[in-house]
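Report on the structure given below.
The values are calculated or read from the model by the stated rules, or taken from the named source; none is laboratory data. These numbers come from a predicted model, not from an experiment. Cβ placement follows ideal geometry from the backbone for every residue including glycine, while neighbour counts extend to all protein chains displayed. Side chains are part of the model used for accessible areas, which takes the heavy atoms of the whole protein and leaves out ligands, DNA and RNA. Shrake-Rupley method; radii C 1.70, N 1.55, O 1.52, S 1.80 Å.
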Amino acid sequence: MPEPSHFFAYLARMKYIARWGVMRNTRTENIQEHSLQAAMIAHGLALIAREIFGRPVDPERVMALAVFHEVSEVITGDLPSPIKYHDPALRSAYGRIEDAARRRLFEMLPEELRGSYRPLIMADGEDGPARLVKAADKLCAYLKCLEEENSGNQEFARARATLEAEIEALDLPEVAWFMERFVPAFSLTLDELS
């Protein structure tokens, strides 16, 4: 009998890793649901880049990268951004920890599947698809801030302002297009959406 793989059992635990751990939340968000939202938005950004701006982008690849972009956190947990980005040495050390966690998950895969999963789990760099996933990740965080503020939670006001500036600094036309056409609806009530 073949050796059982723990890969998907570990990924299933993504639902237990809460995001925004040091902030008061009106609704808790976990990395599994975040990854789905990031994948949907990344796919949308890639479609916008391809269909509106004529860039050669593979939306399904971008979406798949986004699905797996937080998998290391099932081992490391979600380190809050103010800690993660406070000190370059700490950021570098945490990057190595994330790499080791991704490698550990990757090595849980049966040998026959590793070639297919390598570019998804061990993805690295700032190429076009990775930039779109990073943009989608920031957009998700921004939308979370809007959701919290719309619920009366001002704990997220500063994070929203910071993220707004970071999103603008990405200087990606598909992100600006998304912000203009899709983001305003996130501040509407269900009755207003209907």
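Things worth noting here:
- Sole residue being farther than 18 Å from residue 39 by Cβ and touching a Phe, Trp or Tyr at 6+ places or on another chain (Cβ under 9 Å), chosen from 159, 123: 159
- Complete set of residues in the stretch 13-32 that are farther than 15 Å from residue 76 by Cα and of a type outside the set (S, T, N, Q): 22, 23, 24, 27, 29
- The lone criterion from (1) touching a Ser or Thr at 6+ places or on another chain (Cβ under 9 Å); (2) open to solvent by less than 30 Å² (accessible area, probe 1.4 Å); (3) in a helix (DSSP H, G or I) left unmet by residue 62 is number (1).
- Taking each residue of the stretch 173-194 that is in contact (Cβ under 8 Å) with a residue 60 or more places away in the chain and looking for partners that are open to solvent by less than 100 Å² (accessible area, probe 1.4 Å) and polar (S, T, N, Q) with beta-carbon atoms closer than 7 Å, six or more apart or interchain, yields nothing.
- Residue 124 vs. criteria at pLDDT 95 or above and open to solvent by 20 Å² or more (accessible area, probe 1.4 Å): no
Per-residue answers, yes or no, for (1) more than 21 Å from residue 118 (Cβ to Cβ); (2) open to solvent by 50 Å² or more (accessible area, probe 1.4 Å); (3) in a loop (DSSP other than H, G, I, E, B):
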| residue | (1), (2), (3) |
| --- | --- |
| 3 | no, yes, yes |
| 10 | no, yes, no |
| 23 | yes, no, yes |
| 26 | yes, yes, yes |
| 35 | no, no, no |
| 47 | yes, yes, no |
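- From the options 96, 91, residue that is under 24 Å from residue 172 (Cβ atoms), in a helix (DSSP H, G or I) and either basic (Lys, Arg) or over 18 Å from the mean Cα position of the chain (by Cα) (or both): 91
- Residue check for residue 57: at negative phi, aliphatic (A, V, I, L, M), assigned to a loop (DSSP other than H, G, I, E, B) and at pLDDT below 95: no
- Matching residues in the stretch 152-184 - criterion: being out of contact with any helix residue (DSSP H, G or I) (no Cβ under 8 Å at 6 or more places or on another chain), exposed (fewer than 15 other Cβ atoms within 10 Å of the Cβ) and not in a helix (DSSP H, G or I): 152, 171
- Hey, residue 69 surrounded by fewer than 13 Cβ atoms within 10 Å (Cβ to Cβ) and either in a helix (DSSP H, G or I) or not small (Gly, Ala, Ser) (or both) or not: no
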